[in-house]
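Below is one structure, written out as C-alpha cells; the observations come after it.
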Amino acid sequence: MKWEGNRQSDNVEDRRSGGGGGGGFGIGGRSIGIGTIVIALVAWGVFGINPLTTIGVISGSGQPQVQQQGPAQKPPAGDTRAAFVSTVLASTEDAWGQIFREGGAQYKAPRLVLFRGVTPTACGTGQSAMGPFYCPGDQKVYLDMDFFDTLSRQLGAPGEFAQAYVIAHEVAHHVQTLLGVTQKVDAMRGRVSQSQQNALSVRVELQADCFAGIWANKSQQAKNWLEQGDIESAMNAAARIGDDALQRQQSGTVRPDSFTHGSSAQRQRWFNTGLKTGSVQACDTFNTQAL
C-alpha cells in the first residue's frame, strides 16, 4: 500500500501520553453488549464492537460517563504508525466527502482518538481489549494501535491494508450515524428478542464492511495506491474475524444464533460488494434475505 506522501488528516487526537492507566488486553471478565462478548477476549471485539452493543461497558455505575480531558494533542512528528493512521483517515474523509457531495449533502468527518489502555468516551470507558470502536455519542473513532500487532500475530491478518480496513470499518459506523441507520437500529433493540437483536447487529456490521469496501473503491480510484496482495490482505482479515471463525477458535463450537458481526463468508462478501460497486445503495443489508 503506497500511502507515504499522501495527505494526512488533522482530525487525529493523541491521548497515548495522557495516562489513563491499564494497558494490554487482559482486562476483566465482564460480559458486554449483545450475546456473550467477553472483554478479555480481543477477538470478539475485532473490527468495531459498535457502542450500540457496548454502551454499557463502563467502570462502575452502569451508565455512560464522560470524563474531562485536557487539550487535544496531535501525534508527534516522525511517528510513522500515527502518520499511516492519519493518512488512511484522510482518505476516508476524501471518499465520503465526495459521496456526500454527490448526494447533495455535506460530510462531517469524525475524529480519531489514539489511546493506550483505557480512555473516557461519551459511551463509557473505552478499553484496549474491546478492539477499535466508534462512539456515536461523541462521533469519534477510538484506536489503541497495539491492536494492529494482535491483528497480525494472534489473528493471522497482517498487512497495512488490513489495518486500513479496520479504520475504514469504524469510520463506516460514523457514516451509518450520519445516515440515521444507527439511530433507527438502536430504537428497535428494546422491542425485539435477543436473537433478533443479534440479527440486527449482524446487518449493521455487514453494512459497515460494505461501506469499507466503498472506501477501498473510491480511494483506489483517486490515489491508485494499492499494491499486489492488498485486497487479499483485507479479505483475509474479513475471514479471520468472522463470528464462526472466532467461535471455532475459542470453543470449537459455532453458534449462528449468537452471531453479532456475521460469518467469515458474509464479511468477505459484503466488503467485496462495496469494493466492486462503490455504491451505497448496493450496501443495503437491511432489505435483503441473502446476507
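Each reported figure results from applying straightforward, stated rules to the coordinates on display, with no laboratory input. Source: prediction; values computed, not measured. Cβ atoms come from the backbone with ideal geometry, glycine included; neighbour counts cover every protein chain shown.
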Could you work out how far apart the two model spin labels at residue 288 and residue 249 are, taking each label as a point 7 Å from the Cα in the direction of the beta carbon, and quote it in nm? 2.5 nm
Using the Karplus curve 6.51 cos²θ - 1.76 cosθ + 1.60 with θ = phi - 60°, work out ³J(HN,Hα) for each residue of segment 144-156 in order, rounded to whole Hz, and write x for Gly and Pro. 9, 5, 4, 4, 4, 5, 4, 4, 7, 7, 8, 9, x
When only DSSP loop residues count, what trypsin sites (Lys or Arg not before Pro) in segment 177-232 have their Cβ near at most 15 other Cβ atoms within 10 Å? 191
The simple spin-label model distance between residue 102 and residue 279, using points 7 Å out along Cα→Cβ, in nm, is 1.1 nm
How charged is the neighbourhood of residue 229? Take every other residue with its Cβ under 14 Å from the Cβ of residue 229, and add Lys/Arg as +1 and Asp/Glu as -1. -3
Any idea how far apart residue 191 and residue 74 come out in nm if each label point goes 7 Å out from Cα toward Cβ? 4.7 nm
Over what distance in Å are the Cα centres of segment 122-179 and segment 187-230 separated? 12 Å
For a footprinting-style exposure proxy, rank 140, 2 by other Cβ within 10 Å, fewest first. 2, 140
